[in-house]
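Trainee: Here you go, one structure.
Coordinate-derived values only; no laboratory data. Just so you know, these numbers come straight off a predicted model, no measurement behind them. Cβ: placed from backbone, ideal geometry, glycine included. Neighbour counts: every protein chain shown.
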Amino acid sequence: MSKRRPLVAGNWKMNGSRAESATLVSAIKQGMSTVAKAEAAVCPPFILVPLAAEMLAGSAVAWGGQNLSVHKSGAYTGEVSGPMLKDYGCTYVIVGHSERRAYYGEDDVLVADKYAAAQAVGLIPILCVGETLQEREASHTETVVARQLDAVINKHGIGSFKNAVIAYEPVWAIGTGKTATPQQAQDVHRFIRGRLAASDKAVAENMRILYGGSMKGSNAKELLAQPDIDGGLIGGASLQAEEFLTICRAAD
Ligand code: PEP
């Protein structure tokens, strides 16, 4: 059995009122008594992070941001920095989510800078990588994932991965209801671990690599049974407490 502790992180994206979020957080917090080993985290929109922080302080559930600025402070209207997230007790921050790459022009260089900005203040980046459908169909999955990983390894060193989580999220599976088959996901997870192992075997062995892309209660078990899948980054299904908790239990 792997010594890597499974992690199930909810990416709420731009969803939730204060009332809805309080109900969701409360149900997840309570339901954690049914989860034995897996670690759970929620990543609400920035404006709801204080609510999560207040409700989850001292609980088994961690919380984090969905993005951060590369800057610590200053004249950057609309941005939120790593120190601000840290100030609210965040453990994690998602960097390089495919929606940020696709809609906000975040390239590999910027993502690598955000990854470092997170680590600079003691946040654990959840680094998202993954190919589009077009790239998969052209058999470019490994090339794309390697490029996204190497952008961080080359800039910040393999040692930086001691304090990071990787999420493999095939873009074609995010929010589409189309899930990678367990074998498709496992193949890429194994590739990612191998890529890290080429630089540092211990880092590769300890790295938690999450799968993301339409994971839900009904398909989590099969995916999480794969040897190189160490948890999930969950979008849609993380907005329903029971679905999210079912995934956490499957990760046990
Ligand atoms: C995500 O946004 O990271 C994600 C995996 O979304 P979904 O689970 O909705 O596909």
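Trainee: Return the only residue of 236, 175, 159, 231 being touching a residue at least 60 places away in the same chain (Cβ under 8 Å) and surrounded by fewer than 16 Cβ atoms within 10 Å (Cβ to Cβ).
Mentor: Among 236, 175, 159, 231, only 175 is touching a residue at least 60 places away in the same chain (Cβ under 8 Å) and surrounded by fewer than 16 Cβ atoms within 10 Å (Cβ to Cβ).
Trainee: Still on this structure, please answer the following. Quick test for you: out of 202, 250, pick the one residue that is assigned to a helix (DSSP H, G or I), in contact (Cβ under 8 Å) with a residue 24 or more places away in the chain, away from the ligand (no atom under 11 Å from the Cβ) and among the hydrophobic types (A, V, I, L, M, F, W, C).
Mentor: 250
Trainee: Looking at (1) more than 18 Å from the chain's Cα centre (by Cα); (2) crowded, with 18+ Cβ neighbours inside 10 Å, which one does residue 98 not meet, given that it meets all the others?
Mentor: Here residue 98 clears every test but (1).
Trainee: Could you please let me know if residue 159 is within 12 Å of the ligand (Cβ to nearest atom) and among the small types (Gly, Ala, Ser)?
Mentor: Spelling it out, it is not the case that residue 159 is within 12 Å of the ligand (Cβ to nearest atom) and among the small types (Gly, Ala, Ser).
Trainee: Can you tell me which residue among 207, 215 is within 30 Å of residue 31 (Cβ to Cβ), away from the ligand (no atom under 14 Å from the Cβ) and touching a helix residue (DSSP H, G or I) at 6+ places or on another chain (Cβ under 7 Å)?
Mentor: On inspection, the qualifying residue turns out to be 207.
Trainee: Return the residues of segment 1-53 that are of a type in the set (S, T, N, Q) and either more than 24 Å from residue 100 (Cα to Cα) or away from the ligand (no atom under 16 Å from the Cβ) (or both); say none if nothing qualifies.
Mentor: Residues satisfying the conditions are 2, 17, 21, 23, 26, 30, 33, 34.
Trainee: Residues of segment 115-148 being more than 16 Å from the ligand (Cβ to nearest atom) and surrounded by 21 or more Cβ atoms within 10 Å (Cβ to Cβ), which ones?
Mentor: The answer is 115, 117, 118, 123.
Trainee: Could you tell me whether residue 223 is among the aliphatic types (A, V, I, L, M), within 16 Å of the ligand (Cβ to nearest atom), crowded, with 16+ Cβ neighbours inside 10 Å and over 25 Å from residue 160 (Cα atoms)?
Mentor: yes
Trainee: Among 245, 239, which is within 13 Å of the ligand (Cβ to nearest atom), out of contact with any Lys or Arg (no Cβ under 6 Å at 6 or more places or on another chain) and within 18 Å of residue 25 (Cα to Cα)?
Mentor: 239
Trainee: Is at least one residue of segment 68-84 in contact with a Leu (Cβ under 8 Å, 6 or more places away or on another chain), small (Gly, Ala, Ser), surrounded by 15 or more Cβ atoms within 10 Å (Cβ to Cβ) and not in a loop (DSSP other than H, G, I, E, B)?
Mentor: Yes, the conditions are met somewhere in segment 68-84.
Trainee: Let me ask something else. Go through 89, 82 for me and flag whichever is closer than 20 Å to residue 161 by Cα and within 19 Å of the chain's Cα centre (by Cα).
Mentor: Going through 89, 82 in turn, just one is closer than 20 Å to residue 161 by Cα and within 19 Å of the chain's Cα centre (by Cα): 82.
So that you can scan it fast, the table gives a plain yes or no per residue for (1) under 21 Å from residue 221 (Cα atoms); (2) surrounded by 18 or more Cβ atoms within 10 Å (Cβ to Cβ); (3) of a type outside the set (Asp, Glu):
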site: 19; (1), (2), (3): no, no, yes
site: 25; (1), (2), (3): no, yes, yes
site: 28; (1), (2), (3): yes, yes, yes
site: 44; (1), (2), (3): no, yes, yes
site: 53; (1), (2), (3): no, no, yes
site: 57; (1), (2), (3): no, no, yes
site: 63; (1), (2), (3): no, yes, yes
